[in-house]
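Here's the structure, in structure tokens; my notes come after.
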Amino acid sequence: QPQLTVDVLRIYSIAYILITPVQMLVVALIAVGRHQILGGIVLVTALLNLGLSAILGSVIGPIGVAVGTLIMVTFDNGVVIPVIASGRLAIRRRTLYSAIVLGIAIGVGIVASSELLPVSAVPGLFARVGYCIVLTAVALAIVWRGQVFGIRPERSVVQRA
């Protein structure tokens, strides 16, 4: 059972890495008041996730539930939200996808490099978490210093709205 728990948590970690960069788009939509459609998207995605997870969970077991969530997160954050954000924020899809891929690459790099740290028991786990937090802060500082989603701050949608 412990290995099953680890496997399920790894799948959810992948889902979280996929979600994080796209959530910045959601924040941008909220900031400019163009977020009204998000409630409906969240509801439909949640219902689809519930159904898919129930089906896969009954066929595969706990891993199926995690895989169902991963599938829906990938579709929602890889297709639906970027397409909507692109139109509502007047940002080219290519620019958005470049930023999303960069965010995912940074997340994967942080998690993968943390796996290189020797871990034993709880103190080692806290060391890994601290390491990931520091690297995330550094990555965010670097990304935010330059541009956000390929938009220079002086020409952002927020300032035009």
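The values are calculated or read from the model by the stated rules, or taken from the named source; none is laboratory data. Owing to the predicted nature of the structure, the values given are computational and were not obtained by experimental measurement. Every residue, glycine as well, gets a Cβ built from its backbone with ideal geometry; the counts of neighbours run over all protein chains shown. These accessible areas exclude ligands, DNA and RNA; they are computed on the full protein's heavy atoms, side chains included. Shrake-Rupley method; radii C 1.70, N 1.55, O 1.52, S 1.80 Å.
Structure data summary
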quantity: Counted residues, the stretch 38-50 - those being in contact (Cβ under 8 Å) with a residue 12 or more places away in the chain and open to solvent by less than 80 Å² (accessible area, probe 1.4 Å); calculated: 4
quantity: Subset of the stretch 86-144 (residues that are out of contact with any Gly (no Cβ under 9 Å at 6 or more places or on another chain), farther than 24 Å from residue 33 by Cβ, among the aliphatic types (A, V, I, L, M) and not in a helix (DSSP H, G or I)); calculated: 116, 119
quantity: Test: residue 48 is under 17 Å from residue 14 (Cβ atoms) and either touching a strand residue (DSSP E or B) at 6+ places or on another chain (Cβ under 6 Å) or not β-branched (Val, Ile, Thr) (or both); calculated: no
quantity: Residue in the stretch 24-37 that is farthest from residue 80 (Cα to Cα), counting only those that are in contact (Cβ under 8 Å) with a residue 24 or more places away in the chain and assigned to a helix (DSSP H, G or I); calculated: 31
quantity: Qualifying residue in the stretch 106-115 (condition: open to solvent by 40 Å² or more (accessible area, probe 1.4 Å), under 15 Å from residue 11 (Cα atoms) and touching a residue at least 24 places away in the same chain (Cβ under 8 Å)); calculated: yes
quantity: Qualifying residue in the stretch 90-98 (condition: at pLDDT 85 or above and under 22 Å from residue 12 (Cβ atoms)); calculated: no
quantity: Residues located in the stretch 1-19, provided they are touching a residue at least 60 places away in the same chain (Cβ under 8 Å) and either under 15 Å from residue 75 (Cβ atoms) or surrounded by 16 or more Cβ atoms within 10 Å (Cβ to Cβ) (or both); calculated: 17, 18
